[in-house]
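Let me begin by presenting the structure, written as structure tokens, before commenting on it.
Please treat every number below as a calculation from the coordinates, not as lab data. Bear in mind that the values here come from a model prediction, so they are computed numbers and not experimental data. Here the Cβ positions follow ideal geometry from the backbone for every residue, glycine too, while neighbour counts run over all protein chains shown.
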């Protein structure tokens, strides 16, 4: 039986896919013991032909072509067809920079472990694909509830290595055709995980791509973020969480909502208004949902009754700040 399945959702990533697959096929691990599943999610560029060329060259690469279902839908397909005991999810514009990643994971894949979670990754705007051997600086055995209440909680699925049986024991698919699809998925599975190996091992290189789905200032992306916070809140009403975990989750959602005011400066006012209207429809602006201080009570009240005021204020303050910054720089260059 295969030890690992590495799932790579791919949608219009012709410029990045070679780099990602190169890092995976060159891992220091016997190729017969791991598979790479590329899920071509209805790409309209040359992604499929690039993936097919890799499939033809390596027996441990599987290519699945499907109609577009979004990142969550592609991950669902990959998980469905995965044959490995452990599942790793890698985004197609990122790569694995530690060549000994699977060797390191082998040390922690003992019976009873639900998932391995790295607390760190490498974030970069440069595509430096040099791989090296890394060591684990430290590790701890914790449960998922510990991570849910931690200030260092991260929803990114690509930081983790999941036991396949654990995923299917509590099976929950990713939401499809939506961004931020891992917010509730990660929250759900951490709440189920009794044994998590938490390691300080930056095996993953996250590429900050300004053209990626999550970094484009589009109304749908902004709206999806809001809906994803609602999905997480719904978990608190349908699943059993410890009091500490629930408190931490509600606090994070609250901070996300307040943070939307700052995010709105990157969007047209009419788009921001639609998002805050959606938040109101989902009852995410109700004081009863969260523990609020006096300042936060006021912010939530303004967002319910006069959302345009904070939106317009932050937008024009940002314009003034940027104008002043440009003026200051021009004065320095005179």
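Each of residue 2 and residue 65 was given a label point 7 Å from its Cα along the Cα-to-Cβ line. The distance between the two points is 2.0 nm. Residues considered: 68, 40, 76. Largest GNM mean-square fluctuation over the chain, using C-alpha springs under 10 Å, is found at 68. Compute the angle between helix 308-332 and the longest alpha-carbon principal axis of the chain, please, reported from 0 to 90 degrees and rounded to the nearest 10. Taking the Cα atoms of the chain, the angle to 308-332 is about 80 degrees. The structure-derived value of semi-axes √(5λ) of the Cα gyration tensor in Å appears in the list [x] 32, 28, 16; [y] 36, 25, 19; [z] 31, 29, 20 under the label [y]. Neighbour counts of C-beta atoms inside 10 Å place 222, 298, 241 in the sequence 298, 241, 222, starting with the fewest. From helices alone, the chain scores -14000 deg cm²/dmol at 222 nm; the rule is -39500 (n - 2.57) for each run of n ≥ 4 DSSP H residues, then divide by the residue total.
Ordered by the count of other Cβ atoms within 10 Å of each Cβ, fewest first, 133, 289 give 133, 289. Relative to the longest principal Cα axis of the chain, at what angle does helix 219-238 sit, 0 to 90 degrees, rounded to 10? It works out to around 80 degrees.
Considering only 309, 236, 219, give the residue with the highest GNM mean-square fluctuation for the chain, with springs between Cα atoms whenever their separation is below 10 Å. Maximum fluctuation in the GNM of the chain, among the listed residues, is at 309. Is the C-alpha gyration tensor of region 44-86 telling us rounded, prolate or oblate? Criteria: a/c under 1.5 is rounded; beyond that, a/b larger than b/c is prolate, otherwise oblate. Cα axes put region 44-86 in the oblate bin.
Of interest is the spacing of the C-alpha centroids, which for region 9-46 and region 67-104 amounts to 9 Å. Counted over the chain, the DSSP beta bridges are approximately 30% antiparallel. Under a GNM of the chain (C-alpha, springs under 10 Å), which listed residue has the highest mean-square fluctuation: 186, 291, 47? With Cα springs under 10 Å in the chain, the top fluctuation among 186, 291, 47 is at 291. Of 28, 35, 132, 181, the sequence from fewest to most neighbouring Cβ atoms within 10 angstrom is 132, 28, 35, 181.
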